[in-house]
Amino acid sequence: MHQRRGQEAIDYIGILSNFHGTVIHDCWGPYFKYPIKHGLCNAHILRELIFAAEEDKQPFAKKMKKLLLKIKTVVNQARVHGRPSLSVSTLLSYEKQYEELLRLGDRHNHRTKRVAIKRGRVKQTKTFNLLKRLRLYRDAILVFMYDFEIPFTNNLGERDIRMFKVRQKISGTFRSIRGAEIFCRIRGYISTARKNGIRVFTSIQNALEGNPLTPLAQFD
């Protein structure tokens, strides 16, 4: 819980500033300020592609969605069969298909030009911005096909914040900062217990008995 939502809050929690792995996220700007390896959550990318295909009738979007899901299936199959990685030829083939779809999208979506004398940035279409993101962060989007240890999405992160959104919608805001901090601490504790394979009820009971879960101890 923090009164700000940008880098100040991220630094306060003290995770990314001390993190050395790959972080999977939704392309929010402050995350890229940390010198770590980045991967984009493809669940977010798929949702944007679906919108572009269904609402904006973009032919590239439907094909890009199909390509990403195909790569995901191939990676999962390779992992099941004990293969550590995809072949170089397979990787090159997917990279080529990805670039071809970007070019297809470019042919149908041009940069919006300024039509009047106005200050500020010219607003681009959602599809144009999506194409820009797909190109700029190509390696972060496809990182899951290069490294099998990296997931296709950050669904665990999505699940962790779901209860916060549910509470916000049903119960509204907190009456005090302290109450919000307590709620966050409880939800964080439960989430950590689940990720360490410990029953939620057991972890809560242990905490009340003075023996709370200590994640670092699990790896000693």
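Below are the figures for this structure:
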quantity	calculated
Number of positions in region 8-36 that are of a type in the set (A, V, I, L, M, F, W, C), touching a residue at least 12 places away in the same chain (Cβ under 8 Å) and in a loop (DSSP other than H, G, I, E, B)	3
Set PHE144, PHE128, PHE201, PHE148: member being on the phi < 0 side of the Ramachandran plot and not assigned by TED's automatic domain parsing to the domain that holds PHE51	PHE201
Odd one out for THR127, checked against (1) outside any loop (DSSP other than H, G, I, E, B); (2) at pLDDT 95 or above	(2)
Candidate set from region 75-101 (those that are among the small types (Gly, Ala, Ser) and part of a helix (DSSP H, G or I)); member that is nearest to TYR137 (Cα to Cα)	SER93
Hits in region 37-65 (condition: outside any strand (DSSP E or B), of a type outside the set (A, V, I, L, M, F, W, C) and surrounded by 14 or more Cβ atoms within 10 Å (Cβ to Cβ))	ASN42, HIS44, GLU48, ASP56, GLN58, PRO59, LYS62, LYS63, LYS65
Residue in region 154-168 that is in contact (Cβ under 8 Å) with a residue 24 or more places away in the chain, part of a loop (DSSP other than H, G, I, E, B) and under 25 Å from LYS72 (Cα atoms) present	yes
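The values are calculated or read from the model by the stated rules, or taken from the named source; none is laboratory data. The shown structure was predicted, so the numbers you read here are calculated from the model rather than taken from an experiment. In this analysis, Cβ positions are derived from the backbone assuming ideal geometry, glycine residues included, and neighbour counts consider all displayed protein chains.
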